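Values in this text are rule-based calculations from the coordinates and carry no lab data. Every value quoted in this text rests on a predicted model; they were computed, and no experiment measured them. A quick note on method: Cβ atoms are made from the backbone with ideal geometry, for glycine too, and the neighbour counts reach across all protein chains shown.
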Amino acid sequence: MQLGERRLSRRETTRDISSGGVCFLSPNAVEVGSRIEYLVTLSGNTPPVRIRCLGKVLRSPKTASAEIFEVAVTMERYQFIRSGELRIATA
């Protein structure tokens with residue numbers, strides 16, 4: 001994941017995904033309005049389908065039941081990644 005100029009390498013749990021964006025759970029808040037590059041892995045396929053996405057953070061509230069943040073991000077651009085091509089784009 002790349003958030004603005006910072007590169008982060010961590011796994012988060014996806015709560016919801018659609019053609020317009022993704023919502024994931026994170027132990028850390030993410031600043032609203034930040035540009036973000038993230039990788040979605042659809043693991044129900046063999047081999048897994050990976051999608052590199054670029055978007056913007058819409059919200060990052062703390063959930064009521066835990067110390068977890070629910071981060072909603074747009075999916076403004078995306079690219080399917082072939083097996084063996086996994087590297088973060090710098091564009």
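Full extension from CYS23 to ARG7: what is 0.36 nm times the residue separation minus their Cα-Cα distance, to one decimal in nm? Before the final figure, lay out each step's value.
Values: separation 16, 0.36 × 16 = 5.76 nm, distance 1.92 nm.
Going from the current span to full extension adds 3.8 nm.
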Backbone N under 18 Å from the ASP16 label point (7 Å along Cα→Cβ), restricted to the range 51-85: 56-66, 68-76
Given H placed 1.01 Å from N in the peptide plane, which residues other than close sequence neighbours of ILE36 have an amide H under 5 Å from its amide H? GLY4, GLY55, LYS56, VAL57
Find the all-direction average of the projected area of the Cα convex hull for the chain, expressing the result in square nanometres with one decimal place. 6.1 nm²
